[in-house]
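The values are calculated or read from the model by the stated rules, or taken from the named source; none is laboratory data. Given the structure is predicted, the values throughout are model-derived calculations rather than measurements. Every residue, glycine among them, receives a Cβ derived from its backbone with ideal geometry; neighbour counts consider all protein chains shown. The area values use the complete protein model at the heavy-atom level, side chains included, leaving out ligands, DNA and RNA. Shrake-Rupley method; radii C 1.70, N 1.55, O 1.52, S 1.80 Å.
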Amino acid sequence: MNYKLELNTQKPGSKIVFNTIVFDWFKINIVERYMGRMEANPKLCEVLFKVRTLDDDIIKRKDGHLRIRIKGEDFEEYQKLSKVLNSYDYRNKLLNRKDADQEYVHFILRLVIANYELN
């Protein structure tokens with residue numbers, strides 16, 4: 001399945017970061033909220049995501065709700081993956097970016113498959 005990963009689409013200094021994963025038939029909007037100063041080691045405190053069609057219609061979860069808050073062990077895993085994508089090594093292509101991107105996308109896709117019915 002083809003995808004395009006759009007990272008860190010936000011205003012400079014904002015405590016909210018928007019990431020998007022665009023697939024052939026749908027897209028996943030991810031919102032990260034941080035505490036502290038963004039210039040000096042901000043702390044990730046909340047991650048939400050929702051699934052939309054390419055026409056921006058929101059797809060409801062299996063339970064009827066619209067978005068998912070990543071919690072517990074999944075939140076810890078997300079922090080690790082996000083830290084890699086925001087690292088010096090990633091930005092300067094000192095590590096295999098394709099592998100890092102795929103790990104991030106596969107993690108989010110696993111959560112989507114568990115919580116949404118995609119026809």
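Is it fair to say K27 is open to solvent by less than 60 Å² (accessible area, probe 1.4 Å) and at pLDDT 95 or above? Taking the combined requirement at face value, the residue satisfies it.
Look at (1) more than 12 Å from the chain's Cα centre (by Cα); (2) polar (S, T, N, Q); (3) open to solvent by less than 70 Å² (accessible area, probe 1.4 Å) and you find that N41 fails only one, number (3).
Determine whether D89 is of a type in the set (D, E), within 18 Å of L7 (Cα to Cα) and out of contact with any Phe, Trp or Tyr (no Cβ under 8 Å at 6 or more places or on another chain). In short, yes.
Scanning segment 64-89 for residues that are part of a helix (DSSP H, G or I) and among the basic types (K, R) yields K80, K83.
Looking only at residues in segment 53-97 that are of a type in the set (F, W, Y) and under 18 Å from the mean Cα position of the chain (by Cα), the one that is farthest from Y34 (Cα to Cα) is Y90. The single condition among (1) farther than 20 Å from L118 by Cα; (2) open to solvent by 70 Å² or more (accessible area, probe 1.4 Å); (3) aliphatic (A, V, I, L, M) that L54 does not satisfy is (1).
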